[in-house]
Every structure is written in structure tokens, then in C-alpha cells.
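The values are calculated or read from the model by the stated rules, or taken from the named source; none is laboratory data. Treat the numbers as computed from the prediction; the structure is a model and nothing was measured. Neighbour counts are summed over all protein chains in view; Cβ atoms, including those assigned to glycine, are modelled from backbone coordinates with ideal geometry. The protein model used for the area step is the full one, side chains on, heavy atoms only, and it has no ligands, DNA or RNA in it. Shrake-Rupley method; radii C 1.70, N 1.55, O 1.52, S 1.80 Å.
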Amino acid sequence: MQIKLTKKPKNCKLIEGFPGFGLVGTIANEFLLEHLKFEQIGKIIFDEMPATVAIHEGKVVEPLGIFYNKKYNLILLHAITASTGMEWKLSNIVIELSKQLNIKEVICLEGVGSSDETVTSRVFYYSNNEKNKSKFKKLKVDLLKEGIIIGVTGAVLLRAENIPVSCVFAETHTSLPDSKAAAKVIEILDKYLGLKVDTKPLLMQAEKFEGKLRGLLSDGQKAQQLSEKKMMSYVG
Amino acid sequence: MQIKLTKKPKNCKLIEGFPGFGLVGTIANEFLLEHLKFEQIGKIIFDEMPATVAIHEGKVVEPLGIFYNKKYNLILLHAITASTGMEWKLSNIVIELSKQLNIKEVICLEGVGSSDETVTSRVFYYSNNEKNKSKFKKLKVDLLKEGIIIGVTGAVLLRAENIPVSCVFAETHTSLPDSKAAAKVIEILDKYLGLKVDTKPLLMQAEKFEGKLRGLLSDGQKAQQLSEKKMMSYVG
Amino acid sequence: MQIKLTKKPKNCKLIEGFPGFGLVGTIANEFLLEHLKFEQIGKIIFDEMPATVAIHEGKVVEPLGIFYNKKYNLILLHAITASTGMEWKLSNIVIELSKQLNIKEVICLEGVGSSDETVTSRVFYYSNNEKNKSKFKKLKVDLLKEGIIIGVTGAVLLRAENIPVSCVFAETHTSLPDSKAAAKVIEILDKYLGLKVDTKPLLMQAEKFEGKLRGLLSDGQKAQQLSEKKMMSYVG
Amino acid sequence: MQIKLTKKPKNCKLIEGFPGFGLVGTIANEFLLEHLKFEQIGKIIFDEMPATVAIHEGKVVEPLGIFYNKKYNLILLHAITASTGMEWKLSNIVIELSKQLNIKEVICLEGVGSSDETVTSRVFYYSNNEKNKSKFKKLKVDLLKEGIIIGVTGAVLLRAENIPVSCVFAETHTSLPDSKAAAKVIEILDKYLGLKVDTKPLLMQAEKFEGKLRGLLSDGQKAQQLSEKKMMSYVG
Amino acid sequence: MQIKLTKKPKNCKLIEGFPGFGLVGTIANEFLLEHLKFEQIGKIIFDEMPATVAIHEGKVVEPLGIFYNKKYNLILLHAITASTGMEWKLSNIVIELSKQLNIKEVICLEGVGSSDETVTSRVFYYSNNEKNKSKFKKLKVDLLKEGIIIGVTGAVLLRAENIPVSCVFAETHTSLPDSKAAAKVIEILDKYLGLKVDTKPLLMQAEKFEGKLRGLLSDGQKAQQLSEKKMMSYVG
């Protein structure tokens, strides 16, 4: 696994969102990509996952793309590929990227499973940095006191030792992509970073992204299954 | 995996067709090999797949052969072996080959799955190069706007950064080798490259190739199953 | 796998407790961590296990943390992650850590399975050092005469050649985390090391730790299962 | 995998026969070993297969032995071990051996599966060398026009580029070791190499070898199964 | 895998006994260890098998221990761990050990499966050395004429080229540890090496060792199963 960059902006904040519970991180990132002005400045080269490529609006969508927003000095690591079994490698990539670009803060957007099926999604933060903790407190976000974090975000929390890491977690109850939870994450992020995004149509838009992502992932899955089935009935 | 070449013609276009949906790429390549004048100039050496060798018309058929057509300055990468699990390696091979021969354009022939079972096969293009895009537009081929590309072609699309890559996709509905879809690919390719092949008997011929390929692949499969069964009943 | 230390106190005793039978080692270590004053001085970096991170009281709990108690000159290797398949690697880590810190004695806390379901848990010792053997004899602990030791402790016993190693084993009968067995281990350790811990409320407290650990481990398991289920129903 | 030789005769022909369809190659080689005067001059060292050793007439039978016949200047590579999964490695060994000994021709003895269950076994040849092709034609052996070759012979056909390779294939219909097919291979080989073996009692003898080989392979299989069963019932 | 020795006596004979059919080799070695005066002079370090440690009479039993008897100048390689999948590695270890200590003869003690369930266990020898062959002949032991040897002994027979290797095989019929077969092996070994052991109570003692070994191996198996079950019911 390897980072490829065409530009190296410095001192940005890095937002990462991998597909986890309720696809919260990926949906939130997808919203940011469409809402704010990002340009692609790189990608992550990998061999470990199937070569499934999505074409969207006539363009190849990078499975692991790196994007840059100049106005807010943000880097966005956008993932539309499952990271199962690659959590440690991807966390090393996040940390290496952070070092190369002298990242000031890594912000992880993530869903956390909730066994309580009736409650509305709550949002929590975690931070390993006192200054950032108080920023979240001022926004009246609750600290995640007890919980289990899995996936790339969990690995980043264990490995990122001298890098300030903050997480915004939204509870998610269903087994479907949860655009409402993603919208709540964006709401907090908007305040935390002062992005001044118009959050009113956000929920509606989130549902759109959810549909798109579900389509991309499900088509990829179907394509592979179909391909295997065809090959087998062909040579069987 | 390794490229072996006995000749190194330069500035050719490279046509690749791996067995994917409906075996479209392989059938189309098979047609080109028989219709135009190609000589074998190399092969790809591999250890990753079973050592299954087809003998056709008294000659060994290379599982991954490299052929050269002088008249149209074309390289053809012909694959009659399944590439599952080797997509990244094979895409690296395609790119390495392109660099060694200073390839001007990689043209991928590929089937794409269609959930719509009744419609006639449509053909689409994708290109990462503006000049080539407009060539396809002039031929009135539609751009593939939304879709999932798997296999070697998907991997080539992600990895081939500075190389012009174009794809001709034909929709395929059935779980059988689809010579009609392959014929449509050839029709477009013929116009795109100015090959002036007589496309009238093409469909009939395509069915012949389809039968041959199905035979080769199915015999190989049977041979291995038979071999394992025999060995087991023998020592069991 | 790799040791990371921020401090290197010398000539300490090292207590290790991995999750084995009845989680005895981990529960006992958990008790020591809360009862005595420990500071984290390091951790073990690994890639071999899932990146499952517990957050407890708003802080990340290291899966394999190294702690130091100055008063009794103790190092504690605390493990809340399963070590299956990593026994040899972890035993090498224990020995390397012992060499780096010039550890005077490795003390392993461990449960041993008992087929006799009715008897109260007995406690046994094993030691590869004559002086330490007589210390255990004076405390009227029985020597483990016949038995099978599996896991990291078993591997440490085979590999630690020039390092004094002592083990305190408690019999455990149930398939649940056994805080009573862990309490018995702590009782012996308290006398052996002269820790002067108030062992009266220990059993009650042990039950608390048991509950917490069960929660952490079970939540982690659930989180991963849930995550996989969600992902599947999502793309399936 | 590694070649060990105690002698290095030069400019021989190399006969290889691996256990494939109907064990044709191995039975044929077994016949040659007993009929002509061969001395063992080497073996192939491997780690990839089970350490199953046959003792025959009080002597260890090499799983992959290299033998030399001075009179006809023949090297024989005799295999009584299954080569599944090692086809490429073994083909590399055949080619390396050919280079070390400056082998003039590799002759592969092999069975090919036949779906036609009633016809008598036919024999075919394949050759990559024009001079050898015409020798087979003079013997009125048919060229294998269409077919699938699997196993070591298939791999040798693909890899042996500058070495003359000839194959003698006998059709085999049953799932049992086929000494009749092996006898037909020997008949052709006798004429092709001018060995002047008395082919009359060959079929009878072939049946003897067949029985012996079946015994060796089946005993090895049984021994391993028995061993595993015993071990399990022992410790289970 | 690696040999660790604290002493290096030279020109000894090396007796190896791995757990194979009927555990013959291990039971026989166990008897020798208890009957003659052996001191531990080394062990084999490995990572490939589970870290299951037996404690017997208050002492750790090395899974692969190396012992020395001065009076008869014997080295004994004692194995109480299954060697499945490590046969080649262990045979390399036996050969390396033989070279380091300039071993004069490797003697393998082994069971061979017998399909004949009614006959009393017979004993056979195999030797690659003429002088040793005639010693066995004088003792009226039969040569193993036809048979399949699996496991470490089989691998040693193939690999030990310049080292004299002798084997004493006892037929074993049952799926249980066979102390009677082991006793027969000891009887022959006693005469072959002139050990002058009192073979009268041997059978009775052999049964004791059998029981002990069965206990060790079965406890280890149970301990691991129990451990896995506990862990699962715990976190499941």
C-alpha cells in the first residue's frame, strides 16, 4: 500500500471516513466532496482488495482518493472500498500521510453501533488533545465514555501517538446506510471547523448520497457475483 | 509474473481482452487473431494459475500470448486463462508492457453485466483521453456514465496514469459466452481503428470462436476434475 | 510485534496476565491496576489481531499495555486481547522486555482447567528458581505437579531460560470469567510480593472487574459481528 | 526444490513420467526401469509434499529419482509422488536438469482423458521440433490436434523454449491405473528410440507394475489416514 | 526451528522416536529415559506448533528435548509433540544435529501400520549401512521388504545421505498407544546396542508410560478445546 500525491499542501486538517457502521464516514465525506470545493491531489495504491472500479458520471471514482479544499485547508481521505483486514495498514497510511503533509489534526468520522433501537441517534466525540476536547465541550457534544471502536478509526486511535486525533461518532441503529447519522456528524463538523455549510437541505442530500453509495457498492458486489456465476456456468 | 518478448515494435496500440462477462474480450480478440495477420512476439510467464495447456490445430495455445500486427501497428494481448485473483498483477503487466513498447493507447475490450434481460446489447466507451473521447463521440458510441468495472480492465483503469486508455464495453445478459456482444465490440473497434474488416460474416464467425473457446475452457476444467477424480479413486 | 517504552525502570519484577482459562490473568491484573498506583510506560505494537479498541471512562484502553508501579518496583503487562496464535511471539516479547529492563523475576498469573467440577478452586505455583520455590513453600502454596499449561504462559516457561519465572495458577471450573479464582491468585501474590493490599473487599471488586472485562470483550465481539452483518445486508 | 546429481552424463535424452491420467507416465517409466539397465544418479529434493517413503524389496524408493541408462544414453525422471500444485516448480526442475546435462530431447509420457469410453486407447504425439515430428510421422503416430494437457507435462510444454520436447500421449478411459495405455506408450517409445525391448510380455508385466504402484500409492494414503485417525482417537 | 545444546558429546549414536503409529517411538524413548541415566543437554526451539507445555512431577517436560547417556554414549531425541506438517523440518534438524555431534548412527524407533488385525506384532529393521544390516541379521530380525514409512522417520530416510541410519519398526494394529509394540522395539534395541536393560518388567512399565503419555497428550488437547470453548462462551 502506497500514497501517491500530486500536490503536498501543508498544515491542513485531515478528515478520514471509511465505510463502517451505517456507512456514516463515507456518506459524510461524500457530502463534503459535493458541497465544498475539493480537487483530487492523490490516491492510495493497493493490491489487497478486489479491482472493482466504479464509474460515476462518466468518471472513474478512486476507491481510496485524497482530496484538497484550499479555502478551509482541509484534506479529505475518501474511501468507497471495504477496509476489512487492512485496518492496520490503512492506519499506517493515515499516519504516514499526516507526517508527509504535517497534518495539524486528524478528524475521524465514524458510526458506532447502538443496541438501543428506539432512541434518536446521539453524537459523541473523542479526542486525544486537551485543546480540541474543550472545543468539543463548548459545542456541547458529549464525550464517548464507554465504547468499542473497530476498523481504521480504532487502529488510528492506537497508532497516532504524537498527532492530535479527534473523532465524531454518530450512533446508528439500523443495518442500512444511515444518512441521518451522517447528517448529524456533518452538523457537528460544520460547527467544529466553521465550514458554514448550509445544513438545511443536508438531510435530503444525504439520502441522495446514501442511494448513490448503496448503488455503487451493491453493483460492485453484484458484478462480481454475476461474473463468477457466468464463468462457472460457462466452464462447468 | 514476467513479460517475454522476441520483438519490440514501438508506438503501437495495445488491445487487451481478458475473459470477463460473456467472455466478450477473449472472443473479440480471438476474432481479430484469425481475421487479421498476427505473429506471436511474446508471452507472459506466470506461476499463479494451474498449468493447463490447450493444444489447438496441433499447436500449443499460449494462455497469455502477445501478438503483433504490422499493417495496423497493433499489439494484441490474448488471454484464454481466468484472471481471478491476478487482476492487479496483470494490470501491472499491461502497464509495464505499454512502457516497454511505448504504447500510444491501451484499448480494453470488455463485457459489462446488464440487469435488463430483454434489451439488445448496447455498446459504450470509456476513455481517459480527450482526443480519443471525441473520436468515440464522432462514431456515435455512448459514454458509460454509471457502472462497475471489475477484473483486469478495472485495475488497468486505476493504475494506468499517464497512458491513454480507452474501453469498448458491450452489455451482456446471459450467463453464456456472448458472441453477439463480442461482434458489437468488433464493429466499433473496426471503425475506431479503421481496420476495414469485413464485418458481415463476423457474427457467424464469432459463434465459431465462441464454440472453440467454450470447448478449450470446458475441456480444461473437465480434464482437471477428471484427473483429481481418477487420482482419488486410484489411491483412495 | 514491537515493544514501545517511554520509561525504562530497571530490576523490577514483571507480572504478566493474558486472557486464558476463566480470564484469571486479566482479571487479576485489572485488579492490581485499579488498586495499586500504576502509570502507563509503554505498549506492544502489533498487526496480527483485529484493530478493536475499547474506550473506558473516556480513555483508550491499550490492548497490550505496559504499566509501572514505583513503590513495589513492579512492571505489569496487561492484555485485554486474545492471544491465540501469537503465543510464541508474545513470549518472545515478554523475554525481550525482561532483558531490556533487566527484570528480576517474571510472575505469570494464570488459570488452569479442572475436570473436577465440585471442588473449590485450589491455587498452585510453579517456579524454575530454587530461592523462589522456597518462598512459595513457606506460604504453604502447593507445587503444580502434573498439568498442561497452554498459551503465552506455557510459551514463556519453555523460552525463558536464564530468567527466573514463577507462576501462580488457580483452578477454574466454569466456562465463565472466574473472579473468585482471580481473587485467590491475588491473595497469594499479595503475600508473595508483600503488597499489603486490603484483600477483604477484593472478591466483590473482582466481580466488578469481571463484569467490566466481559463487557469490553463482548462489546468488541458484538461490534465486529454487527459491523459485518450491516456491511453484508448493505451490499448483498 | 533442488536437483542432486552424483553423475552428470551429457547429451542424453530425458524421459519424464509423472503420475497423471491413468498413471500412464509412471507405469511406463516403471517398466523401463525394470526392463533396461538403469543406475540412480540423483534425486530431486523437495519440502512441498508429505514425507511418504515407500520401501520396495528392502530398498527406499526415491519419490523423485533420476536414473541413467548408459547403453541408450537415456536419463529417466521417475516420479511416484503426486505433483498437484507443484507443476510449475517441477517443470522448472525438468528444464534446469535439461540445461545442466545438455539434454538433446525431453520426452514426456502422459495419459490424456478420453470421453469416448468404448474406443480402444489411441496414441498421439506432440513435438515442438520439426525433425522429431517427421520421425513420429514415419512411425505413423497421429499428431494430437485438439486437447488439453494438464500437470507437469503441460507446464514443460509452455516453459521449455529452446529445448526440443516430444510427448507420447495414450488415451485412457477408466479411473483406474491403465497399464494397457502405458504399454502402448512403451511400444511407440521403443520404436522411436530404437530400444529393441521385447514388447511381447510387456502387457503382462505392465499389469504387475500397475499392481505394485497401486499398492505403493494406496498404502501411503492409507498409512496417512490411519496415522491421523490413530492420533485423533488417541488424544481426542 | 533451531537446535540449542549446552553440551556437545561426540561420536554418539542418536535415537529418535517421534509420536507415530501407536506412539511406538515416543513410548520406547520414554522407557529409555526412565530406565537408563540420561541428562538433558539441549532442546529444539520451534514456533510451528501450539505452545502446549506439560508439567510432570513438578518439572516442565520439553516438547522436543535432547538427552545424553554417558555410559552407552547415546543421544536421545525425545518428542511428545505431534510433528504433522513439520516432517521435513524435523528431519533437517535430526541431520543437522547428527553433523554437529558427529553422530555415528541414527536409530529411528517407529510403528508401522498392519492391516492384519490378528497376528502378534512383528518387528522389522531397515538400514542403509551394510555393517549394521548384518548386525540386525545376526539378531534374527527381519528386513522390512515392502512398506510405507511416513513422518519424520520417512523424511530422515530420504535426506540422511552420508549418515548410517537404522530403523526398528514394530507392527501395530490398534488405534490406541501400543506399549506392547514399543516393548518389542526396546527388546531389539537392547540387544542391538548391548544396553543390558532388564527387559522382564518392561511390558508392565511400558503400560505405565503409555498411560502417562496418553494423559499428557489428551490433557493438552482437552486444555486447548476447553480454553477455546470458554473463550467463546465468554465473549460470544
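Scanning the range C:144-186 for residues that are within 7 Å of another protein chain (Cβ to nearest Cβ), in contact with a strand residue (DSSP E or B) (Cβ under 8 Å, 6 or more places away or on another chain) and of a type in the set (A, V, I, L, M) yields a total of 7. What number of residues in the range C:18-46 are charged (D, E, K, R) and at pLDDT below 90? Of the residues in that region, 2 qualify. Across the range A:18-41, the qualifying residues are those that are open to solvent by less than 10 Å² (accessible area, probe 1.4 Å) and small (Gly, Ala, Ser), and the one among them that is nearest to A:His56 (Cα to Cα) is A:Ala28.
Would you check if A:Ser134 is over 14 Å from the mean Cα position of the chain (by Cα), of a type in the set (S, T, N, Q) and either modelled with pLDDT under 90 or within 16 Å of C:Lys59 (Cβ to Cβ) (or both)? Here the answer is no, as A:Ser134 does not meet what is asked.
A count restricted to the range A:1-17 and to residues that are open to solvent by 40 Å² or more (accessible area, probe 1.4 Å) and β-branched (Val, Ile, Thr) stands at 1. When C:Gly20 is tested against (1) touching a residue at least 40 places away in the same chain (Cβ under 8 Å); (2) in contact with a Phe, Trp or Tyr (Cβ under 8 Å, 6 or more places away or on another chain), only condition (2) is not met. Just one of the listed residues (B:Gly85, B:Gly58) is open to solvent by less than 30 Å² (accessible area, probe 1.4 Å) and at positive phi, and it is B:Gly58.
Taken as a whole, the condition of being open to solvent by less than 40 Å² (accessible area, probe 1.4 Å) and either at the interface with another protein chain (Cβ under 8 Å from one of its Cβ atoms) or basic (Lys, Arg) (or both) does not apply to A:Ala79.
Entry remark, the range E:58-82: residues being of a type in the set (Gly, Ala, Ser) and without any contact (Cβ under 8 Å) to a residue 24 or more places away in the chain number 1 in total. If you go through the range E:124-172 and keep only what is assigned to a loop (DSSP other than H, G, I, E, B), in contact (Cβ under 8 Å) with a residue 12 or more places away in the chain and out of contact with any Gly (no Cβ under 8 Å at 6 or more places or on another chain), you end up with E:Asn128, E:Asn129, E:Leu139, E:Val141, E:Ala160, E:Ile163, E:Pro164. Using the structure shown, decide if B:Val53 is of a type in the set (A, V, I, L, M) and open to solvent by 30 Å² or more (accessible area, probe 1.4 Å). So B:Val53 does not fit the description; no.
Set side by side, the residues A:Glu171, A:Glu210 differ, and just one is of a type in the set (D, E, K, R) and modelled with pLDDT under 80, which is A:Glu210. When each of D:Asn73, D:Asn69 is tested for being touching a Cys at 6+ places or on another chain (Cβ under 9 Å), modelled with pLDDT of 90 or more and open to solvent by 30 Å² or more (accessible area, probe 1.4 Å), the lone residue that passes is D:Asn73. Those strands (runs of 3 or more DSSP E) of the range B:1-62 in which 3 or more residues are within 12 Å of chain D (Cβ to nearest Cβ) occupy B:39-45, B:53-56, B:59-61.
For C:Ser91, are the conditions met, namely being modelled with pLDDT of 90 or more, more than 14 Å from chain A (Cβ to nearest Cβ) and either under 11 Å from the mean Cα position of the chain (by Cα) or buried (at least 18 other Cβ atoms within 10 Å of the Cβ) (or both)? Spelling it out, C:Ser91 is indeed modelled with pLDDT of 90 or more, more than 14 Å from chain A (Cβ to nearest Cβ) and either under 11 Å from the mean Cα position of the chain (by Cα) or buried (at least 18 other Cβ atoms within 10 Å of the Cβ) (or both). For the range C:143-158, filtering for residues that are open to solvent by 40 Å² or more (accessible area, probe 1.4 Å) and in contact with a helix residue (DSSP H, G or I) (Cβ under 9 Å, 6 or more places away or on another chain) leaves 2. Restrict the check to the range A:102-117 and report whether at least one residue is within 22 Å of A:Phe31 (Cβ to Cβ), more than 20 Å from the chain's Cα centre (by Cα), more than 11 Å from chain C (Cβ to nearest Cβ) and open to solvent by 20 Å² or more (accessible area, probe 1.4 Å). Checked the range A:102-117: no residue is within 22 Å of A:Phe31 (Cβ to Cβ), more than 20 Å from the chain's Cα centre (by Cα), more than 11 Å from chain C (Cβ to nearest Cβ) and open to solvent by 20 Å² or more (accessible area, probe 1.4 Å).
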